[in-house]
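S.K.: Take this structure first; my questions come after.
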Amino acid sequence: MKLAEKYSDRPAEELPLLFQRILQNVIRDYFRRHKVRAMWTTLMSSFSSGSDDENFDLLETLEVENESPYFENPATQLDRVKTLGMIEDALKELPARQREAFLLRYWEELDVADTASAMGCSEGSVKTHCSRAVHALAAKLAKKGVRL
C-alpha cells in the first residue's frame, strides 16, 4: 500500500528497489516495536500480583483511585500510591519532548506516525525521544528504589 500511495509516479524500474526498502523498514519497525514492548513487559512484570492472569493491566494496578478501595489492604494501597507518585515525579523530570513522546506513545497508545504528527516532528525523532525517555525513566526509578 505504501508503494502504491507514495511512489505511483515513479518509473517501473525503480519500484522493485523501493518495495524492498519499504519491506525492510516495516520489518525493522516491527522488531523494534516488539523489542520495546517486550522490555516494558519485563520491566513492569514485577508490579503484577504474581498470577499468570493475561488480563493484568499495570495502569489499573497503579490507579490512585480504586473502584473498590474497601477491599484492598491499606498497606498495598499505600505502596501503589507511592509507586505511582514516583513514576509521575520521574515523568516530570524528563525533558518536555521526551515526556510528550513517551506519554503519547505508551500511555495514549498512539503509533509512531500519529505521535510524529501530534508533535510536529519526524517519526525518527519520535523513536529517539521515546528511547531516551524509557532509559531515563528506568534509571530514575531504579535510583528511587523502584525495582522493575
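S.K.: Tell me, which residue of segment 109-143 that is among the charged types (D, E, K, R) and part of a helix (DSSP H, G or I) is most open to solvent (accessible area, probe 1.4 Å)?
M.R.: Restricting to residues being among the charged types (D, E, K, R) and part of a helix (DSSP H, G or I), the top hit is Lys143.
S.K.: Still on this model: Give me the pairs, please: first residue somewhere in segment 81-105 and within 12 Å of Val126 (Cβ to Cβ) and in a helix (DSSP H, G or I), second residue anywhere and open to solvent by 30 Å² or more (accessible area, probe 1.4 Å) and not small (Gly, Ala, Ser), beta-carbon distance under 7 Å, and either six or more positions apart or on two chains.
M.R.: Arg97/His129; Gln98/His129; Gln98/Arg132; Ala101/His129; Leu104/Leu110
S.K.: Quickly run through segment 97-108 and pick out the residues that are open to solvent by less than 30 Å² (accessible area, probe 1.4 Å) and over 22 Å from Thr83 (Cβ atoms).
M.R.: Answer for segment 97-108, where residues must be open to solvent by less than 30 Å² (accessible area, probe 1.4 Å) and over 22 Å from Thr83 (Cβ atoms): just Ala101.
S.K.: Search segment 1-31 for residues being open to solvent by 100 Å² or more (accessible area, probe 1.4 Å) and outside any helix (DSSP H, G or I), and hand back the single one that is nearest to Glu123 (Cα to Cα).
M.R.: Met1
The values are calculated or read from the model by the stated rules, or taken from the named source; none is laboratory data. In this text, all values refer to a predicted model and were calculated from it rather than measured experimentally. As a convention, Cβ positions derive from the backbone with ideal geometry for all residues, glycine included, and neighbour counts pool all protein chains shown. These area figures cover heavy atoms from the full protein model, side chains too; ligands, DNA and RNA do not enter into them. Shrake-Rupley method; radii C 1.70, N 1.55, O 1.52, S 1.80 Å.
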